[in-house]
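The values are calculated or read from the model by the stated rules, or taken from the named source; none is laboratory data. Predicted, not measured: the structure shown is a model, and the values here were computed from it. In this analysis, Cβ positions are derived from the backbone assuming ideal geometry, glycine residues included, and neighbour counts consider all displayed protein chains.
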Amino acid sequence: MKTKIIGIFIFMLLILVTIPNINSNMIKNKNLNNIQNLKFVPGEFIVKLTKDTTISNPSLMMLNEKYKVSSIEKAFKNSENTILNNIYILKIPEDSDILAVVNDYSSKTFIEYAEPNYIFFLTNIPNDEKFSLQWALYNTGETGGTPDADIDAPEAWDIETGDPDIVIAIIDTGIDYTHPDLSSNIWKNEDEISNNSIDDDNNGFIDDVIGWDFIGESPLFPEPDNDPLDMFGHGTHCAGLASAVTNNGIGTAGVCWNCKIMSIKIAGGFFGLINLISAVNGISYAIYNGADVISMSWGGDVESELLHNAIDNAYSNGIVLVSAAGNDNSYRKLYPAAYDNVIGVAATNKNDKKAWFSNYGDWVDVAAPGEQILSTLPTYHVTLNDLFYSMNYDYLDGTSMACPIVAGLAALLLSYDPSLDHDEVRSIIYNSTDWIETNKYIGNGRINVYKALLIASGVTVPPNKPSTPAGQINGKPGVEYNYTTIDIDPDGDDLYYLFSWDDKTYSGWVGPFASGATGNATHVWNKKGNYQIKVKARNSYGIESEWSDPLSVTMPRNKIVTNTFFLQLLEQFPLLSKLFSIISKTF
């Protein structure tokens, strides 16, 4: 069976070589999902006629003659009285300009729509031998997780697989740049000549052909050199998640297949410690040498002014900054993740829940898979639990794993559209997430690479927030008005809310609400009827989403009663209230 599927796939590829590419601008205008790779069958197209139009319509016959239509065939049998009725396949010479023909047919009032006979592809599954174990990229439930609790990587790879001109700086324990699944994607300093003991590019570093080691093997007594080889494992694991060489038949896949990874070593020693000066030096090196994205799977709970300055410097240079939120299962802020100009990343598991260890809070921006994550490791990998053993791949847990996955997404977006600035990239990542049900706020949701690329291409993606019930109508007998209370759970960072009904706004923006807060709005109803309560939410980035719920208001038919004591009496004695209501209706 597997051999047959492979054979069919190869056959399809051979056929598609001869099929012309569809105009990508047209696809974007039509908001079709597959932006770059959709193709269509030459020499035929699809037409749906309006309800009262037949194939013998004189105007249609003239149009068919113009384009030398050789046959008209009804597309679907037994389609009468269904939405698929009145749809036809028209065949024309194979060298015809299908797009021009379709546009002409579409402009006619007797045609509901016309379009090419598109060809769709199976989603882009790479041939890396361990890909089936990478639930974070493609979760089918085979590893014990929830199907589709993933970042939709294969769907995204139909749109973009990464540009070698985009550079991701992995500021970490270095990278095993000899790893067979990483070596082809290692960034090279093209302006530096290897081993000539000269700073050829005048960047302050001699022979830095593949990056720089700012720490050596001792964070307390740094011995910098031009060899950022990873002997710890952490940086190599992160590098593989961001941009392992993909579709090469071995190992694992990276989020970004082709983007370059810059090895900057700032952590050393047996415990992988980092000192502040080395961290800032690493960020500065990435800036000077043209990194587009910086991935930082490390941090501390001290809000250092120096580190903040380094982050702001990178941000001012247009770099997308991504950092891990930490693994204490607490609200405790970790820096640099908690800085405003950094995308702080929490971790999820294979069931789309918060990973048990992940930090949380309104300072976190997004989440990504971070539990039981398979990726590359150096041949000589040293940790506290595993001493000097030979292994090229293994599973690790942590927001450290979630961070480079988000960095890989940022690189994919820049590969697809290099004109995007860092704020636009951040906004797209933030607004393309899938909602995660959790009582701990871990950002706007778990990232979705496919939805992010759709947004970058101009396709509208619905907000990820679930529709929240607007409230209940409550009335009291004997009182001529009813009221409503709207309870909402913002679950976000600095969220503002606007309530409206009956085309009238209740008030201005209210908030901000902290994570888990409840907002209330009260309205006095003057008449019965059916209403729509609308709730609009806006976050601190200015991004808005809205939802609405129908409400039916019934009004008691009471005469106006001004005696307050009497009203209280009616409320305390329901039977008396009912009697009063009957009397009121009688007169």
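Assorted remarks:
- Residues satisfying the stated conditions in the stretch 282-297, i.e. touching a strand residue (DSSP E or B) at 6+ places or on another chain (Cβ under 8 Å), closer than 25 Å to D200 by Cβ and not β-branched (V, I, T): G282, Y285, A286, N289, G290, A291, D292
- When T246, T236, T252 are screened for being of a type in the set (S, T, N, Q), outside any helix (DSSP H, G or I) and touching a Leu at 6+ places or on another chain (Cβ under 8 Å), only T252 passes.
- The set of residues in the stretch 255-271 being in a loop (DSSP other than H, G, I, E, B) and within 19 Å of V345 (Cβ to Cβ) consists of V255, C256, C259, I266.
- Any chance S194 is under 30 Å from H422 (Cα atoms) and hydroxyl-bearing (S, T, Y): no
- Filter result for G269 (in contact with a Ser or Thr (Cβ under 7 Å, 6 or more places away or on another chain), small (G, A, S) and in the same structural domain as N309 (by TED's automatic domain parsing)): yes
- Residue pairs whose Cβ atoms lie under 6 Å apart, sitting 6 or more positions apart in sequence or on different chains, and linking a residue in the stretch 169-189 that is surrounded by fewer than 22 Cβ atoms within 10 Å (Cβ to Cβ) to a partner that is among the acidic types (D, E), are N189/D208.
Each row is one residue, and each column tells you yes or no for (1) more than 23 Å from the chain's Cα centre (by Cα); (2) modelled with pLDDT of 95 or more.
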| site | (1), (2) |
| --- | --- |
| G141 | no, no |
| T146 | no, no |
| P164 | no, yes |
| V167 | no, yes |
| I186 | yes, yes |
| S197 | yes, no |
| D200 | yes, no |
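- Residues of the stretch 416-432 that turn out to be surrounded by 24 or more Cβ atoms within 10 Å (Cβ to Cβ) and of a type in the set (S, T, Y), as a count: 1
- Qualifying residue in the stretch 190-201 (condition: assigned by TED's automatic domain parsing to the domain that holds I294, surrounded by 21 or more Cβ atoms within 10 Å (Cβ to Cβ) and small (G, A, S)): no
- Pick from the stretch 296-306, criterion aliphatic (A, V, I, L, M) and farther than 23 Å from I405 by Cα, ranking: nearest to the chain's Cα centre (by Cα): V302
- Residue pairs meeting the criteria (Cβ under 8 Å; at least 6 apart or on separate chains; first assigned to a helix (DSSP H, G or I), in the stretch 293-309; second small (G, A, S)): L307/A279
- Subset of the stretch 61-97 that is in contact with a helix residue (DSSP H, G or I) (Cβ under 9 Å, 6 or more places away or on another chain) and aliphatic (A, V, I, L, M) - its residue that is surrounded by the fewest Cβ atoms within 10 Å (Cβ to Cβ): I72
- Qualifying position, being over 23 Å from the mean Cα position of the chain (by Cα), in contact (Cβ under 8 Å) with a residue 40 or more places away in the chain and surrounded by fewer than 21 Cβ atoms within 10 Å (Cβ to Cβ), among G282, G268, G290: G290
- Of all residues making up the stretch 192-232, the number that are in contact (Cβ under 8 Å) with a residue 12 or more places away in the chain, of a type in the set (D, E, K, R) and assigned to a loop (DSSP other than H, G, I, E, B): 7
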